[in-house]
């Protein structure tokens with residue numbers, strides 16, 4: 001658990017002007033209010049909001065968001081009042097804490113009704129301030145990290161299913177891919193434990209005779225681009241078990257038939273260098289047809305930018321490569337949180353379009369099942385893009401006609 005001075009130091013490292021006194025007050029307030037409460041793990045309850053705040057420092061969140069994280073369970077789980085938080089920490093923090101609390105108060109309903117109500121509250125809260133969602137996602141991520149301490153399997157599976165169906169897709173939609181991947185992995189471990197264990201065993205076999213294939217290929221790519229006088233950073237990993245399992249399900253194939261289980265990322269200095277690096281790699285390795293995507297010239301709707309390609313490596317294995325600049329990488333990994341970092345004076349400008357779509361679904365759906373189905377479609381379906389004669393890029397719904405353009 002982060003100590004008080006460690007949390008303050010983390011925030012001050014990226015935001016020297018952060019309100020240190022307010023963070024200190026919130027830390028002490030949370031510890032005092034949660035008192036002797038315990039979590040399923042046996043840890044003091046106040047360790048949870050402190051860890052949630054710590055997660056958000058990794059995304060350079062502003063001091064009010066950090067304080068909200070520290071206080072996010074006080075209205076629901078202690079005798080603290082809205083007025084008390086407003087008096088001690090200001091109206092903005094009180095409003096944010098209240099927003100997170102409203103997301104947490106789910107009545108005893110059927111699974112779909114509960115999930116639908118959760119979504120309604122999420123979307124309405126997000127439309128007011130996206131930081132409410134960022135705190136709630138960090139809250140869920142920490143709860144998933146400690147899910148194994150919950151004794152009842154049925155409860156673990158319900159929480160994992162809710163995470164997989166709602167929280168992970170929302171994290172993806174706002175471009176927070178680190179959150180999405182970890183949530184999916186932790187939920188997959190609970191929902192498909194045998195598949196999770198089996199895939200992990202097979203991934204270990206990639207390190208035959210103590211040789212790490214990922215490290216070897218990463219070094220080779222670094223050397224290749226270095227010979228082209230390019231300054232880049234190359235990293236590699238095996239794809240995580242849920243991603244592999246999903247591909248196996250979609251393609252109806254076994255693990256042994258899956259060829260692209262390794263993925264590599266190349267970080268360049270500039271956008272121009274992304275395309276240079278792509279040229280060097282395609283000049284050295286054979287590209288797999290149909291697997292090249294240019295998300296730099298045509299970004300995903302959540303703002304994601306990168307070049308994606310798959311090539312046949314010298315070891316006769318398919319490897320997936322993502323190429324992006326350092327700036328793109330930060331925005332891709334932090335998503336909308338990048339727009340809410342301490343440097344920004346106002347909220348993100350990229351949330352409105354898809355969020356408005358989902359808010360509209362709230363008004364048009366007549367029951368829980370319909371709301372869930374329509375929302376899943378809205379979150380997962382791709383958009384189509386069209387360029388005007390002047391070269392301006394427009395996002396249109398799938399199936400749009402020239403009239404709509």
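Every number in this text was worked out from the coordinates using simple rules, so none of it is lab data. All values reported here derive from a predicted model rather than from experimental measurement. Cβ: placed from backbone, ideal geometry, glycine included. Neighbour counts: every protein chain shown.
Listed by Cβ neighbour count within 10 Å, with the fewest neighbours leading, 98, 43 appear as 43, 98.
Pair-distance distribution of segment 1-72: all C-alpha pairs, bin width 10 Å, starting at 0; shares per bin in whole percent are 22, 57, 19, 2. Counted residue by residue at 0.36 nm each, then reduced by the alpha carbon distance between them, the extension gain from residue 177 to residue 215 reaches 11.4 nm.
If you model segment 4-192 as an ellipsoid using its alpha carbon gyration tensor, with each semi-axis the square root of five times an eigenvalue, the axes come out at 26, 18, 17 Å, biggest first.
Short-range pairs are left out: with C-alpha atoms under 8 Å and at least six residues apart, the relative contact order of segment 4-192 is 16 percent.
State whether segment 217-287 is rounded, prolate or oblate according to the following rule on the C-alpha gyration tensor (a ≥ b ≥ c being the square roots of its eigenvalues): a/c under 1.5 gives rounded; otherwise a/b larger than b/c gives prolate, and the remaining case gives oblate. Show your work: numbers first, answer last.
Values: a/c = 2.62, a/b = 2.37, b/c = 1.10.
Note, shape of segment 217-287 comes out prolate.
Computed over segment 281-334, the P(r) curve from all C-alpha pair distances, binned at 5 Å from the origin, holds 5, 20, 26, 20, 14, 12, 4, 0 percent per bin. At an R0 of 22 angstrom, the distance between the Cβ atoms of residue 153 and residue 250 translates into a FRET efficiency of 0.20.
Taking neighbour Cβ counts within 10 Å as the exposure measure, how do 206, 223, 75 sort from fewest upward? Present the calculation step by step, with values, prior to reporting the outcome.
Numbers: 206 14, 223 10, 75 22.
Placing the least packed residue first, the sequence is 223, 206, 75.
The alpha carbon radius of gyration of segment 176-230, expressed as a multiple of 2.2 N^0.38 Å, is 1.62. The convex hull drawn around the Cα atoms of segment 212-334, when projected onto a plane and averaged over every direction, covers 7.9 nm². Annotation: the residues 17, 77, sorted from fewest to most other C-beta atoms within 10 Å of their own C-beta, follow the order 17, 77. One decimal place: the segment residue 275-residue 191 gains 26.2 nm when fully extended, by the rule 0.36 nm per residue minus the C-alpha distance.
Computing FRET efficiency as 1/(1 + (r/R0)^6) for residue 308 and residue 14, where r is the C-beta to C-beta distance and R0 is 25 Å, gives about 0.25.
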